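Contents: one structure, followed by commentary.
The values are calculated or read from the model by the stated rules, or taken from the named source; none is laboratory data. Since the structure is predicted, the reported quantities are computational estimates derived from the model, not experimental observations. Note: ideal-geometry Cβ built from the backbone for every residue, glycine included; neighbour counts use all protein chains shown. SASA here: full protein model, heavy atoms, side chains in, ligands and nucleic acids out. Shrake-Rupley method; radii C 1.70, N 1.55, O 1.52, S 1.80 Å.
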Amino acid sequence: MSAPNPTPANDPLLHGPHDPEHHPGASYALEPDYVEALTRRVLSTSGETAEVFTPLTGQPMAHIPQSSEDDIVEAFARARRAQAAWARTPLDERAAILLRLHDLVLDRQQEIIDLIVWESGKARKHAFDEPLHIALTARYYGRTAHQHLDTERKMGVVPGLTRVEVNRVPKGVVGIISPWNYPFTMALCDGIPALLAGNAVIAKPDAQTMLSALLGAQLLEEAGFPKDLWQVVAGPGSRVGTSIIEKADYICFTGSTATGKRVAHACAERLIGCSLELGGKNPILILRDANLDKAAEGAVRASFSNAGQLCVSMERMFVADQIYDRFRDKFVARTKAMSLQPGLGWGSDMGSLISQDQLDTVTAHVADAQAKGATVLAGGNHRPDLGPYYFEPTILEGVTPDMTCFGDETFGPVISLYRFHDEADAVARANEGQYGLNASVYSQDGTRARELARHIKCGTVNINEAFGATFASIDSPMGGMRESGMGRRQGSEGIHRYTESQSVGTQRVLRFAPMLGMSDEAYAKVMTLNLRLMKKLGRA
């Protein structure tokens, strides 16, 4: 992405090269009118834009309007006005909009997938995961709205005389800072429960993938959400992200651990809550009784979905010594057989990395490992013949602690294989390092695998599956332990984070003070007898 450029205020914000005959990167990848309809959703009066390019071909796609500080102030003003009215909207009406969103996303999935592929370079089958996940999320929260948000009766201190209710009060305006790797689902999935809970959202998508997020904002409005309830701003995270944190009532951030720590510190300064889904160095364990064909197939998806640019993707594989050689051969053969076909069509097993920065990181990790003695069993090469940032799915063996990829997150299509003999040792090695996001265990003994999972320090563990069993089960919480984050998306935790719990107690007849001339000492004795009686009756 280039540095922001000043443009006239009335410009369609699509300036760029116009001579494809003489320059292969001169034509835009997308229709200018389509792009303009999306980019006008960015609240921007700065006159500045930032050009973005597709990783598929390097062609320019759009000039994204950049938001000034005044624009961000205005975005919050609009959002707060909209939120005040939205919080009074009946819950059934809010839920109905989510169910309309479910249908709309499925109906428009081809358009959504096309845009995701253009922006991210991922394979079409991996782009399909995004509208799928948003449809699942919208349907789940649309169907369970009352379960999560209705006023709940709690047990009062004095049976029959103390009535206690807990209300779920919306936070207000939620700031959502989303990443580029899943540009449609990450832009929307955390905001959907925030809206249902009665909040407004200020969204700051990653600069590299603004268009997918803007299409999501358009679909929210088409489904029936009030226009000003979801504001989109754009610009450098150091400026725009910081401004959002200074003004929001809650922050949801998905990104690197280093940035997440800065976000947490800034939120702590204001005493506002935040949820952070951060980095990982995720382990997959192949136990001695695993079905080798199923494990090898799952390992390919676990390692190379979205070219490894997936927060829950696997980068460390621990294989039981008894099956190591046989499994390795099957895994390597499946990896080498993967189809790499850049473009919008179906049939490709893995797409491109998104940028030169990602390519540089992956290339450096593999080169460092090779230079220090690791063996490349598959892949290991940049493939400019397929696209500017394409890198082959890569399997490493013999990775040691002095190699960068041993403990640092690669966030690319690179996985390291390790032998183990003792399962306790495998778990201990899986728990090494500072991360704890996702893990996978392959075994034909589900009971034993689930027991093993309890000892793995990760927020999600998938048995006989890479990541979909937990990530697609919206009723279950998803998030990281240790330096992989704090808070959870999905399930009740994923919506309750956007609310304040308010306890309302109503007392009848009995007051919590001496009555009818009773002395303080007598009152204390009566209350003591009452406590002992309640215990005998089994009351909590």
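Select, from 119, 152, the only residue that is closer than 27 Å to residue 53 by Cα and charged (D, E, K, R). Matching residue, one of 119, 152: 119. Taken as a whole, the condition of being closer than 16 Å to residue 57 by Cβ, out of contact with any Asp or Glu (no Cβ under 6 Å at 6 or more places or on another chain) and either open to solvent by 10 Å² or more (accessible area, probe 1.4 Å) or outside any loop (DSSP other than H, G, I, E, B) (or both) applies to residue 359.
Evaluating residue 181 against the criteria (1) open to solvent by 20 Å² or more (accessible area, probe 1.4 Å); (2) among the polar types (S, T, N, Q); (3) assigned to a loop (DSSP other than H, G, I, E, B) leaves one unmet condition, (1). When the test is whether a residue is more than 20 Å from the chain's Cα centre (by Cα) and either closer than 29 Å to residue 339 by Cα or buried (at least 23 other Cβ atoms within 10 Å of the Cβ) (or both), residue 276 does not pass it. Counting the residues of region 368-411 that are part of a loop (DSSP other than H, G, I, E, B), farther than 22 Å from residue 257 by Cβ and of a type in the set (A, V, I, L, M, F, W, C) gives 2. Within region 47-79, being in contact with a helix residue (DSSP H, G or I) (Cβ under 7 Å, 6 or more places away or on another chain) and part of a helix (DSSP H, G or I) holds for 69, 72, 76, 78, 79. If you check 44, 27, 2 for being assigned to a loop (DSSP other than H, G, I, E, B), open to solvent by less than 70 Å² (accessible area, probe 1.4 Å) and at pLDDT 95 or above, only one passes: 44. Could we say that residue 122 is open to solvent by less than 10 Å² (accessible area, probe 1.4 Å) and of a type in the set (Lys, Arg) here? For residue 122, the condition - open to solvent by less than 10 Å² (accessible area, probe 1.4 Å) and of a type in the set (Lys, Arg) - is met. When region 305-346 is filtered for residues that are open to solvent by less than 50 Å² (accessible area, probe 1.4 Å) and without any contact (Cβ under 8 Å) to a residue 24 or more places away in the chain, only 339 remains. Name the residues in region 348-368 that are in contact (Cβ under 8 Å) with a residue 40 or more places away in the chain and more than 23 Å from the chain's Cα centre (by Cα), would you? Correct list: 348, 364, 365, 366. Within region 206-221, being in contact with a helix residue (DSSP H, G or I) (Cβ under 6 Å, 6 or more places away or on another chain) and either open to solvent by 40 Å² or more (accessible area, probe 1.4 Å) or within 13 Å of residue 43 (Cβ to Cβ) (or both) holds for 214, 221.
Among residues of region 241-261 being over 19 Å from residue 69 (Cβ atoms) and part of a helix (DSSP H, G or I), the one that is most open to solvent (accessible area, probe 1.4 Å) is 261.
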